[in-house]
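Since the structure comes first, as structure tokens, the remarks are kept for the end.
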Amino acid sequence: MAALAPSPGFPLSSGATVERHQFTTEIHADSGAVEALWRELETSGASSPYQRFEWQRAYAEAMSAKGRFETRAVVLRDGAGHVSLLLPLAIERRHGLRIAVPVGGKQANYHLPLFARGAVLPSGAELRALLRETGRALRLDTYIFGNLPLSWDGFANPLAEGGRPSPSNGYRLALSGDAEATLSRALSKDGRKKLRQKDKKLRELGPVAHRVARTAEEAEAILAAFLDQKRARFRELGLPNPFDDEATQTFLRRAARAGLAEGRPAIELHALMLGERIVASFGAAIDADRCCGMFTAFDAAPEIARCSPGELLMLEAIRFHCRAGRRVFDLGVGEARYKSSLCNEVEELVDATVPVTARGALYAAALAGLLGLKRMVKRTPWLFRAAKRLRSLRAAPA
């Protein structure tokens, strides 16, 4: 498809324009000023479900209401004025520095711009130079980009060029119209047999059903069950619960409702029901092609937990998205047995920084060292076990 043409309907909210080579970069303080362009890129370009306008708006509104950051949308146009990409940014204050990061933080497993299909894209070096100039206009010290896919939907990600491997990779599964063939490809014969046995045992306790939230009331019920299940799990492990944060819960609720009436919620909520009891919950960011798992939890009652309701729900979610015609199902970033057992492909990720000032360069270098150490710990089994044990001990009440 041809690249999008410039439109007088997208004025510069901040009045800032930065030019380099054949590219022009616009800085928009108000995402509403580029909403129509953003939504067009969602449907005709390439991006992950985490870059959907509804998902990003729900996150930004929930977090900025607490004064955690301010947002900007950077639009890059080529020499002919055609849109090349749109990059949403959150600007935070850390240690006296102004730092730009992708919108979504740890709630988004993948960070990348929205690409215009058929557009001319800058090289990694060109994009970094453009970002430095834009950063000076924004009075930034550095950009920090984490969990950058090397490519997405056929686009090489220029933000990822020259990046360092992330501490963890992602896990994905290619879907087909035949759900059972997809599951046979993902799971071993022995693995499928064990899950069938667990499904049978769970059904001995009562009627089992898969439910996807279609109304605000259903979404609230599933989300409430998830938060209760997660709270109990973190309490059992003696770890702090990141979902107890009020702003995070506000984001989840807003994103679960955004687009729900049209059948395309920013976060789609699934539940495995045992009678009227929600015994497992799952939330995912979705678009027309992909389901990106964000969170999951299950009922810890021994008679239920031994049936692995969380994994049984994943099977139902995979079947659901095969029927919906989506091409990819993923379970996000981080190490977990259920991820590697259900998803047979690895999504390679990198982290990248673009310093703007000398202070920003020092901060970025220190952060790179810490992330390199984190990657080493995660890739060294005995160090990873020791780190998990230490974290549990530190979180345990005195």
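The values are calculated or read from the model by the stated rules, or taken from the named source; none is laboratory data. The model shown is predicted, which means the values in this text are computed figures rather than measured ones. A quick note on method: Cβ atoms are made from the backbone with ideal geometry, for glycine too, and the neighbour counts reach across all protein chains shown.
List the pairs whose first member sits in region 289-317 and is more than 28 Å from His111 (Cα to Cα), whose second member is of a type in the set (Lys, Arg) and in a strand (DSSP E or B), and whose Cβ atoms are under 8 Å apart, counting only residues at least 6 apart or on separate chains?
Asp299/Arg277
Which residue is surrounded by the fewest Cβ atoms within 10 Å (Cβ to Cβ), if the candidates are limited to region 106-132 and must be among the small types (Gly, Ala, Ser) and closer than 25 Å to Thr43 by Cβ?
Residue satisfying both the conditions and the ranking: Gly118.
Name the residues in region 214-269 that are modelled with pLDDT of 95 or more, under 16 Å from Ala58 (Cα atoms) and acidic (Asp, Glu), would you?
Hits for region 214-269 are Glu220, Glu268.
Among all residue pairs at least 6 apart or on different chains, which show Cβ distances below 8 Å where the first residue, located in region 36-53, is within 16 Å of Leu112 (Cβ to Cβ) and the second is assigned to a helix (DSSP H, G or I) and hydroxyl-bearing (Ser, Thr, Tyr)?
Within 8 Å, the pairs are Trp38/Ser31; Phe53/Ser31.
For region 133-148, give me the residue count where each residue is crowded, with 21+ Cβ neighbours inside 10 Å and of a type outside the set (Ser, Thr, Tyr).
The qualifying residues number 9.
If we only count helices (runs of 4 or more DSSP H) wholly inside region 156-258, which ones have 1 or more residues that are over 23 Å from Trp55 (Cα atoms), in contact with a helix residue (DSSP H, G or I) (Cβ under 6 Å, 6 or more places away or on another chain) and in contact (Cβ under 8 Å) with a residue 12 or more places away in the chain? It would help to see each step written out before you state the result.
Numbers: elements: 179-186, 189-203, 216-237, 246-257.
Correct list: 179-186, 189-203.
Hey, does region 300-307 have a residue that's modelled with pLDDT under 95 and buried (at least 23 other Cβ atoms within 10 Å of the Cβ)?
no
Is it true that Thr182 is outside the structural domain of Arg77 (by TED's automatic domain parsing) and closer than 23 Å to Val333 by Cβ?
Considered against the rule, which asks whether it is outside the structural domain of Arg77 (by TED's automatic domain parsing) and closer than 23 Å to Val333 by Cβ, Thr182 comes out as yes.
How many residues does region 181-214 contain that are of a type in the set (Gly, Ala, Ser) and over 23 Å from Ile278 (Cβ atoms)?
Taking region 181-214 and keeping what is of a type in the set (Gly, Ala, Ser), we get 181, 184, 186, 188, 191, 206, 209, 213.
Keeping just the survivors that are over 23 Å from Ile278 (Cβ atoms) gives 181, 184, 186, 188, 191.
Number of matching residues: 5.
How about region 49-65: which of its residues are touching an Asp or Glu at 6+ places or on another chain (Cβ under 8 Å) and at pLDDT below 95?
Going through region 49-65, the residues touching an Asp or Glu at 6+ places or on another chain (Cβ under 8 Å) turn out to be 49, 51-53, 64.
Scanning region 49-65 gives a single hit, Ser64.
Tally time: how many residues in region 68-84 are over 20 Å from the mean Cα position of the chain (by Cα) and of a type in the set (Ser, Thr, Tyr)?
1
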